[in-house]
Amino acid sequence: MSAVSIYRPITGTAATRALTAATRNTADFEGLGVALADPVECNVKQTPQKIGFIGAGRIAHGLAVALTRAGYPVSAVASRSTASAQDFAAHFTGCAALTPQALADTCDFIFLTVPDDSIAPVAQSLTWRAGQSLVHCSGATEVSALAPAAAAGAMTGGFHPLQSFSFKVTPDAAKSPLAGCTITIEAGPPLIDTLIRMVTAFECRPNRLPPGKRALYHASAGYAAGFIHGLMAEIATVWSQWDATEADVLAVALPMIRATADAMERGGIAATMPGPISRGDLGSVTAHIEALSALSPEALTFYRAHATRSIALARAADRIDAATAAKLTAIVDSSD
Ligand SMILES: NC(=O)c1ccc[n+]([C@@H]2O[C@H](COP(=O)([O-])OP(=O)(O)OC[C@H]3O[C@@H](n4cnc5c(N)ncnc54)[C@H](OP(=O)(O)O)[C@@H]3O)[C@@H](O)[C@H]2O)c1
């Protein structure tokens, strides 16, 4: 069975040119909003533009740290509460806390880093101008949510880091909040080249999507982030049967998750899948089903969904033969 990929990484000339320009001269980072051309043009020093954030939460802090480290100063911030904006501004040299409209009036490149449901209303509530750039950072929201800005002549786009920002990081953070991650970008020219350039300066991997796929893409990406929390909670629910604590679960499961991730990085998804399903151990899976049936219908349903997907994966990769896959499926479905 062939793997289905919804990601379309930028690996061609645009990324190479961006990397060449970005690694050649840090002054090149200053030319935000300038279309990426050949490296000779990229060496022409540009007037720095003003970057601002509307929304002073977790991703704004993470991106601002990455921008600062890559040589892009953050000029201004606005938020729902003045306190949030002032707290953000205090961490970034030269950053002013403004009202959203004052920020829209003064900044050339604006990250709209408000919750997803607030993106369209905030875009609608402000006055934009031709020539400025407005990007949101939502994975699920289409860029068309920024239509009021586009109608005013602004360039609009999406800039979605495939990374979890659970806390507000500050410039003294030891690690780059974006190190090694992928950022999905969407925009027309010339903004797209600016976004590629920025992703490259962050030492991240640019990724593009066909139009209209953002909800699907974001739903699936959740398996690598928020849904892991659901899996961990399920372990904790089962382990509460013998009074294990959440700390016990974390101590046991996190090394397993890290080892599993390392193995997948080296050997791919199907080939490194561990566990009784990948080995065709019918007795162990039978015991699992019996134990979870006795525990609760919810625990059984949860296990079944994952086991069914794992059987299909093991079979598709020829880790188990068709007869074993059929027997495993019958066991998993047995209490229906
Ligand atoms: N966190 C992540 O892991 C992550 C990863 C990738 C993408 N994203 C995307 O990043 C965006 C922001 O997420 P987040 O996690 O950073 O959220 P967050 O931590 O909750 O921060 C949201 C910020 O927006 C401000 N805000 C809310 N409504 C506003 C409004 N109407 N006008 C101005 N400011 C407003 C809040 O203001 P106050 O502080 O003033 O109350 C807060 O500072 C979302 O689109 C999300 O999908 C997040």
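Each reported figure results from applying straightforward, stated rules to the coordinates on display, with no laboratory input. Just so it is clear, the structure is predicted and the values come from calculations on it, not from any experiment. Note: ideal-geometry Cβ built from the backbone for every residue, glycine included; neighbour counts use all protein chains shown.
Taking the longest Cα principal axis of the chain as reference, the axis of helix 246-267 is set at about 80 degrees.
What shape does the stretch 185-336 take by its C-alpha gyration tensor, where a ≥ b ≥ c are the square roots of the eigenvalues and a/c under 1.5 counts as rounded, a/b above b/c as prolate, and the rest as oblate? In terms of gyration-tensor shape, prolate. I'd like the distance separating the alpha-carbon centroids of the stretch 273-336 and the stretch 71-131, in whole Å. Between the Cα centres of the stretch 273-336 and the stretch 71-131 lies a distance of 50 Å.
Evaluating 6.51 cos²θ - 1.76 cosθ + 1.60 at θ = phi - 60° for every residue in the stretch 126-143, the Karplus couplings come out as 10, 9, 10, 9, 4, x, 8, 10, 10, 10, 9, 10, 7, x, 8, 8, 5, 5 Hz, glycine and proline recorded as x.
Protection proxy ranking for 71-77, 304-310, using the average of other Cβ atoms within 10 Å per residue and placing the highest first: 71-77, 304-310.
Nearest 10 degrees, 0 to 90: what angle lies between the long axis of helix 297-316 and the longest principal axis of the chain (Cα atoms)? For 297-316 against the chain, the angle is about 80 degrees.
The DSSP beta bridges internal to the chain are antiparallel in roughly 25% of cases. For the chain, the residue among P189, P100, V114 whose Cα projects farthest onto the positive side of the dipole built from Cβ charges is P189. Inter-label distance, M256 to Q241: 1.3 nm, where each label sits 7 Å from its Cα along the C-beta direction. Reported value for the chain: 164 Å³ per residue, from the convex hull of its C-alpha atoms.
Amide H contacts under 5 Å for S79: G55, A85, restricted to partners 5 or more places along the chain or on a different chain, H placed in the peptide plane at 1.01 Å from N.
Between D318 and K175, the FRET efficiency estimated from the beta carbon spacing at R0 = 35 angstrom works out to 0.35. Annotation: extensible slack from R309 through A263 equals 14.6 nm (criterion: 0.36 nm per residue apart, minus Cα-Cα distance). Here is how the number arises for the chain: DSSP H runs of 4 or more residues each give -39500 (n - 2.57), the sum is divided by the residue count, and the result at 222 nm is -14500 deg cm²/dmol.
Within the listed set G267, G230, G57, the residue fluctuating most in the Gaussian network model of the chain (springs between alpha-carbon atoms under 10 angstrom) is G267.
Taking amide H atoms as placed 1.01 Å from N in the peptide plane, the amide H of K50 lies under 5 Å from those of D108, F109, each 5 or more residues away in sequence or on another chain. Placing unit charges on the Cβ atoms of the charged side chains and taking the dipole of the stretch 223-332 about its Cα centre, the candidate lying farthest along the positive direction among V252, A263, A323 is A323.
So what's the projected area for the stretch 268-324, the Cα convex hull averaged over all directions, in nm²? Answer in nm², one decimal: 3.8. When the alpha carbon coordinates of the stretch 235-274 are projected onto the principal axes, the ranges are 36, 15, 9 Å, largest first.
Entry note, the chain: relative contact order of 14 percent, from Cα contacts under 8 Å with a spacing of 6+ residues. In degrees, nearest 10, range 0 to 90: what is the angle between the Cα axis of helix 82-91 and the longest Cα principal axis of the chain? So the helix axis and the longest Cα principal axis differ by about 80 degrees.
The 3J(HN,Hα) values that the Karplus relation (6.51, -1.76, 1.60; θ = phi - 60°) gives for the stretch 98-113 are, in residue order, 10, 7, x, 5, 5, 5, 4, 6, 9, 8, 9, 10, 10, 8, 9, 10 Hz. Gly and Pro appear as x.
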